[in-house]
Each structure stands twice: as C-alpha cells, then as structure tokens.
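Engineer: For reference, the structure I am asking about is given below.
Derivation of every value follows stated rules applied to the coordinates shown; laboratory data play no part. Model, not experiment: these values are computed from the prediction. Using ideal geometry, Cβ is built from the backbone for each residue, glycine included, and neighbour counts are taken over all protein chains shown.
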Amino acid sequence: MSHQLRQISKIGTATDNKQLWYYFLYNNQTLYQVTNANNTITIGGLQPCTTYEFVGLAVDYGINVSNPEQFVTFTTLSNNNCDALPPSVPLNLVSSNIGTNSLQLQWDASTDNIGVTGYKVYQDNIEIADVNTNSASVNNLSPTTTYNFEVLAYDAAGNTSAKSNTHQATTLSHCAQTLQLEVTAGSNPEYLQWAIKDANYNFVAFSPYGQFATQTPGTTVTYAINTSYLPDGDYNFVFLDFGSNGTSYTLKDGNAILASGNMVAFGNVHQICIRQSQGLQLDQIKPTTVLDLSASNVTQTSVDLDWSVATDANGIFSQLILVNGNIRTNIWNASTNTSTIPNLLPNTSYDFNIVTWDVGGNISAISNTVTVTTAGNGQATRAMIDNIANRETLLEDVTFVLFPNPSSSYFKIKSVETKHKTTEIIVRNLEGKWIKSFGAQQNKYFIEDLTDGLYLIEIKSNNKSIYKKLIKRGH
C-alpha cells in the first residue's frame, strides 16, 4: 500500500543562505529522500489501518539540517474500515435429524462489531463446509460411526473466532435385509466363531461348526448368513474367537458396510438391526423412566409393588424388577403395573427398582428406589435360588449355546469346545424352583408341557452350573 503526501507544502519551501541540496521526510528512524521538483513523494510498504507520523527536513550543500518543526500524521486505509476484531465464538453446537449417512448441525449465531460473514464447519478437524447461516447439513457419512464437529465464525476483514465446543455425534446403523461376513483369515482361522444374540441377550444364530477351518490364511472369503427366520429387530453380532490371530472382517448387507475391524478379538460386539422390509431404522431411543414406584401390603415374606408403566415409541418388550440392584422378576406384559414379590426374609431391609426394556433392546434408566423392611422375626422358606441375580455373572457364560430361543417345543444345547460335556439339564422358574430335569447329552430337550414365560436352564458341566435364560412361547 502507498500513501502520497505533499509534505513540503505543509512546511513551506525552505530557504538557505546557500543553495539547498535535498528535502527529506523522516519517520521512525527511516529517512525518505524527495527527488522530484514538485516536492512530493510516494511512500510504499505501509501497513493498512496503521497510524504514521512524518516530519519534513531540508539539507543544504553544507550538510546543514533544518529543525524538525512541522509534522504530519495520517492513518492508512483498508477496504474493511480497519476492522481488527474477530467475531464471537459460536456456542451450543448440537446435532439433530441423525440418520445412517447424514445429520444436521445447529449452533448459536456469533456477533461481530461490523458483521459476521459466514461459518466454517469442521468434521474431525477437516473443513467440510462454509455457510452463511448458523446451521449446516452434513452428508456422506458412514453408518454406526462417531464423528467430532466444530464451527468457527469469520467476518469480511478475514478475522476468525476461536472454534466452538466439540460436538460428538454417532450415525445410526444400517438395517440389513441380508447379512454377509467377509473374512480375511489370519493364522488358525479354524478357531474363529460368531454368534447373533437377540435383545434379550440370548443366542439366536451361531456359526456352523468348522465354518472357517478350510480357509487358507491370507485369503478373503465372504460367507452368507441366513437371517430369514429371524423376526425384525435389533441384535448383537458377537465374535467368539479362540485364537485365530490376525483375522480381519467386514459385516455387510450387500454393498452397505454394517461393521468392520482389523483384528477379531473374543467378545467383539456390533449392534445391528435386521429388517425384512425397507425404510425402518435402528431403534436407539430408551424407554421413559418409571418415577413413581411404590410399595404396599408389606408382610414377613412379601411386598406388593405398583408403578406407572413407562412409554416407548416402538413398544415395551419387558419390565425388570430389581431387588437390591439385582434382577428378580421379568414381566412380559407391557401394560402390567403391579407385582407381588414373594420369598423375602422377615425383618429384612430391601431396595426395589424397576427398569424397562423396549423391543429394540434399549433399557431405560433405573426408577426411583423404594426401601422396604419386612415385618416380624419369623423364619421363611427360601427357594434354592434365593435371588436370580446372584447367578447373573454366569448368565453370559459362552461355554454353551442354547437355541432356538424363544422356543415353542424344544431347545438344544451346543458346547463351543468338545471338552465341555453336560451331566444334567434342569429347568427352573425365576425363583429357582425345580420344574423338570433332563439327562446328559440329549439331542433335543422338549418343553411343550411348560407354560409360556421365562425360565432358567441350569447346565451342569465339569462340577459347576451355567445358567441360561429361555423364553417359552406357544405356536
């Protein structure tokens, strides 16, 4: 930038008893020589929006310098009126309308002394959009993936604000109509197995025995998984890997990638949804929380509970009553709002809660706590399993797989390792009471005589008991 001054006209034409040699302008230790006959000078290299002060000097041939008596002050200009102030930081960045491949971002508008020109949107520290409003649509995302978003504001002068808060958002899962598992085998692929668990965490599908045994390490093979018999719902895809070492995988529905990993590890879990019809999305919204659980009719060995049933957009699957933080009763009727809890000890304090499970496998927050002390000092007869929750740590044991589940007539039990043999199978109710028993190593265990409901299946093997939940449902 340059600025033109008629500096000598300010200080007048200097005179001297001898001939003048040159005129000079001086500013901040920089001396500028005036070389033209009009006593004018153009000075370059100045900064915009900056104030300068110059003084004119005259020098004669005797190298005598005039006194610095006259000064001129000016401020250089810019196209943006010398705006040096950045806009305020955008606040409250949030997301909405989250889908499998897109979402919407919104934030509070920034302010600026002149005016905000626009906003830059960042996804995982990479600029993806430049908009002039306080919202942006983000597309081309991957399903079931977590992203970090930030926004900054800028004005016409090029001033930028600091970045907004970092907002994290996870896209929804793609709902599969078909299911394929693409496996690039590491060493020992014969040790790889997979399973599918339903919203009740029961196994509903399992890899065929030895499915990967013939796959050559380093090769990639795609295996089709039959899901046609599974009802629409949300499921967990689980790897049961016993040392395949370096196997990578991609779980797909045609060309749509549902999940992937560079290394299979035992217990790797991916939430998926299976829909036989298009257009439905994975349910990730929890049911409402029960806030009014209350107790009445307290006796030595029992108590009555009542509550207002929770709500859910896609339907309630079951209601779980907790005693001292452990599951005691599973209520399958979504409209039931009362329950009698039996087999309590006299003169004993208990904490009761309820949680709700929806058809998508989402569990609500825990309800309010009701503390009750049973009456009297008499003795009570306890069931063999005083509290089902004391066995909860064994319910997720993957030594054995129970299927089909739910079942209307029979179930089978499969061991994931041949060294595990069953010695006895016992069917119990949720209080641990014996219902019926089976001998060891039967092909099918028939339950047509059981009423519909939830049962505990006790699998005795190697001097210990493993417990599985079984849903008995009619045809």
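Engineer: Evaluate the charge dipole of region 91-170 about its Cα centre and quote only its size in Debye, nearest 20, assuming +1 on the Cβ of each Lys and Arg and -1 on the Cβ of each Asp and Glu. Show your work: numbers first, answer last.
Structural biologist: Details: 2 positive and 7 negative charges, 29 e Å.
Rounded to the nearest 20 debye, it is 140 debye.
Engineer: If Lys and Arg each add +1 and Asp and Glu each add -1, what is the summed charge of the other residues whose beta carbon sits under 15 Å from the beta carbon of Leu103?
Structural biologist: -2
Engineer: Right, something else. A 27 angstrom limit on the alpha carbon distance is what I want to check against. Which of Lys197/Lys252; Lys286/Lys469; Lys252/Lys472 exceed it?
Structural biologist: Violating the 27 Å limit, Cα to Cα: Lys252/Lys472.
Engineer: If you don't mind, there's one more thing I want to ask. Sorted by average packing, counted as other Cβ atoms within 10 angstrom per residue and highest first, what order do 216-228, 109-121 take?
Structural biologist: Numbers: 216-228: 12.2, 109-121: 17.2.
So the order, starting with the most tightly packed, is 109-121, 216-228.
Engineer: Would you mind checking which residues have amide H under 5 Å from Cys273's amide H? H placed 1.01 Å from N; only 5 or more apart, or other chain.
Structural biologist: For Cys273, the qualifying residues are Ala176, Tyr235.
Engineer: Next up: In Å, the Kirkwood hydrodynamic radius of region 91-170 over pairs of distinct alpha carbons? The partial results should precede the final answer.
Structural biologist: On the way: mean 1/r = 0.0779 Å⁻¹.
Over region 91-170, the inverse of the mean reciprocal pair distance is 12.8 Å.
Engineer: Quick check on the exposure proxy: order Arg473, Arg328 from fewest to most C-beta atoms within 10 angstrom. Can you show the working numbers first?
Structural biologist: Details: Arg473 11, Arg328 23.
Placing the least packed residue first, the sequence is Arg473, Arg328.
Engineer: Taking a cut-off of 26 Å between Cα atoms, list the lysines near Lys163, but don't count ones fewer than 8 places away on the same chain.
Structural biologist: Correct list for Lys163: Lys120.
Engineer: Given H placed on each backbone N at 1.01 Å, which residues far from Leu258 in sequence or on other chains put an amide H within less than 5 Å of it?
Structural biologist: Leu251, Lys252, Asp253
Engineer: Normalise the Debye intensity by I(0) for region 89-242, one equal point scatterer per Cα, no solvent, then take log10 at q = 0.15 Å⁻¹ and round to two decimals.
Structural biologist: Results for region 89-242 at q = 0.15 Å⁻¹ read -0.83.
Engineer: A further question follows. Regarding region 264-356, what is the average projected area of its C-alpha convex hull, in nm²?
Structural biologist: Working: hull surface 36.1 nm².
Reported value for the Cα convex hull: 9.0 nm².
Engineer: Once phi is turned into θ = phi - 60°, what whole-Hz ³J(HN,Hα) does the Karplus curve with 6.51, -1.76 and 1.60 give for every residue of region 296-308, x standing for Gly and Pro?
Structural biologist: Residue by residue, region 296-308 yields 7, 6, 6, 10, 5, 10, 8, 8, 9, 10, 9, 6, 8 Hz.
Engineer: Using just the Cα positions, wrap region 303-365 in a convex hull and report its mean projected area in square nanometres, one decimal place.
Structural biologist: 4.3 nm²
Engineer: Please compute one quarter of the surface area of the Cα convex hull for region 175-274 and express it in square nanometres.
Structural biologist: On the way: hull surface 22.5 nm².
Result: a mean projected hull area of 5.6 nm².
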